[in-house]
1. Answer with yes or no whether residue 304 is crowded, with 20+ Cβ neighbours inside 10 Å and at pLDDT 95 or above.
2. What are the residue pairs meeting all of these: first residue in segment 261-277, first residue in a strand (DSSP E or B), second residue of a type in the set (Gly, Ala, Ser), Cβ atoms under 7 Å, and 6 or more apart or on different chains?
3. Would you mind finding the one in 332, 297, 328 that is modelled with pLDDT of 95 or more and open to solvent by 10 Å² or more (accessible area, probe 1.4 Å)?
4. Just for segment 80-99: of the residues that are open to solvent by 10 Å² or more (accessible area, probe 1.4 Å) and out of contact with any Gly (no Cβ under 6 Å at 6 or more places or on another chain), which one is nearest to residue 57 (Cα to Cα)?
5. Given the conditions (1) over 30 Å from residue 207 (Cα atoms); (2) β-branched (Val, Ile, Thr); (3) open to solvent by 50 Å² or more (accessible area, probe 1.4 Å), and given that residue 53 satisfies all but one, which numbered condition is not satisfied?
6. Does at least one position in segment 209-220 carry a residue that is hydrophobic (A, V, I, L, M, F, W, C) and either open to solvent by 80 Å² or more (accessible area, probe 1.4 Å) or more than 30 Å from residue 334 (Cα to Cα) (or both)?
7. Only residues that are within 18 Å of residue 315 (Cα to Cα) and among the acidic types (Asp, Glu): list them for segment 201-260, please.
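The values are calculated or read from the model by the stated rules, or taken from the named source; none is laboratory data. Here the structure is a predicted model, which means the values were calculated and not measured. Note: ideal-geometry Cβ built from the backbone for every residue, glycine included; neighbour counts use all protein chains shown. What goes into the accessible areas is simple: the full protein's heavy atoms, side chains included, and nothing from ligands, DNA or RNA. Shrake-Rupley method; radii C 1.70, N 1.55, O 1.52, S 1.80 Å.
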Amino acid sequence: MGRMKSNTLKMILFLAAFILGLMALVAGFNFAVDPMCYYRCGVIDTNRQSQNVYYQAAQIVGANPEAQIVILGSSRGETTSALWVEEVTGLKTINLSKGGAGLLLKVALLRTALDQKLPLKKVIWIADYFELAGEVTDVKVRQTPVLREKLLADVEGLDGVKYYLEHLQSLISHNTLEAAIHQLNQKKSDGMFAPKGSGSGIDYQKCAAADYAGKTTADVLAKEIDVSYSTFGGPMRAPLNPNFVELFKKQIKATAEQGVEVLILVPPFHPEFARRHAKDHPEAVKSHQEWLEMIRALQSDKVHVQSYWDGVPGDDAGPSFWDDGSHATCKAMMLMLKPVLVGNAGMGK
């Protein structure tokens, strides 16, 4: 009996040692490859391959020291062509919009651009209601050093025991392991950033054409609106986060005080999405109006608010204006931005 207990204990200890050894091996591999730039990317290295699209956005800042216009948005800003903005204004432009981007990523990237002493003339902030709602800080913001350091003075939870435990956990995460393997298996150029940022591949001349038909069909668009409603419906009902609202206002005012013009563009949702959401959640309409009023109150000599919350002029609700229920096409984004950009074309020259 004693020998059986001894053998069982030895087996348990062996398994425990094996598991710990395996975890150490995974952690060492993840640390060495560092595919998400969580551990060994304390500065912006434009030659660094990374699977972290947020770090790639910081790299775009570092790679464009002469940029005069910065576009900040979530996936709803990715259909804006920086090359088109550059052509209209005559000012060098980069688009830092990234899918899933919230307030904290936008603030971190804007502060990065200001700290890098880019000769900024204008910031185009493509505003989302949900960026000021909720409580969650994206893990890629919390764990990416070059972004995190820009937020430490204003955001709680980015330091202390909880942060370091999460940092340690990410070392043995299967997601990090998968990213590391993917990075080793891909060509270096595949893990690099687009030089001008999001929308670099957009044929904006095609988008501007009178016969632009969009990328989908009316039937597919109707289905995509349903998908968008499921995806964005929840965040659009979340209450505004007072801390996020204050940080947003603080950053907009601070940017303007540095002599940089800020254009806050408020794009709409598809008319069917907006109609359905207002019908299903009338209480959210009040929160949306409070959000709009807060943004409009920021208007000043250096801060300009352009709201299309109630719709884009000429919108036929079809594929030429909408990719789905929440993402306007390149054509629609150009129609929203052009009246403001043309009025300021050539500024700073």
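1. So residue 304 does not fit the description; no.
2. 262/256; 264/127; 265/127; 266/127; 266/307
3. Every option except 297 fails the conditions.
4. 98
5. Tallying (1) over 30 Å from residue 207 (Cα atoms); (2) β-branched (Val, Ile, Thr); (3) open to solvent by 50 Å² or more (accessible area, probe 1.4 Å), residue 53 fails exactly one: (1).
6. Yes, segment 209-220 contains at least one residue that is hydrophobic (A, V, I, L, M, F, W, C) and either open to solvent by 80 Å² or more (accessible area, probe 1.4 Å) or more than 30 Å from residue 334 (Cα to Cα) (or both).
7. Listed by number, the residues that qualify are 211, 219, 224.
Condition check ((1) touching a helix residue (DSSP H, G or I) at 6+ places or on another chain (Cβ under 6 Å); (2) at pLDDT 95 or above; (3) under 23 Å from residue 102 (Cα atoms); (4) of a type in the set (D, E, K, R)) across all residues:
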residue	(1), (2), (3), (4)
129	yes, yes, yes, no
133	no, no, yes, no
138	no, no, yes, yes
152	no, no, yes, no
163	no, no, yes, no
166	no, no, yes, yes
178	no, no, no, yes
182	no, no, no, no
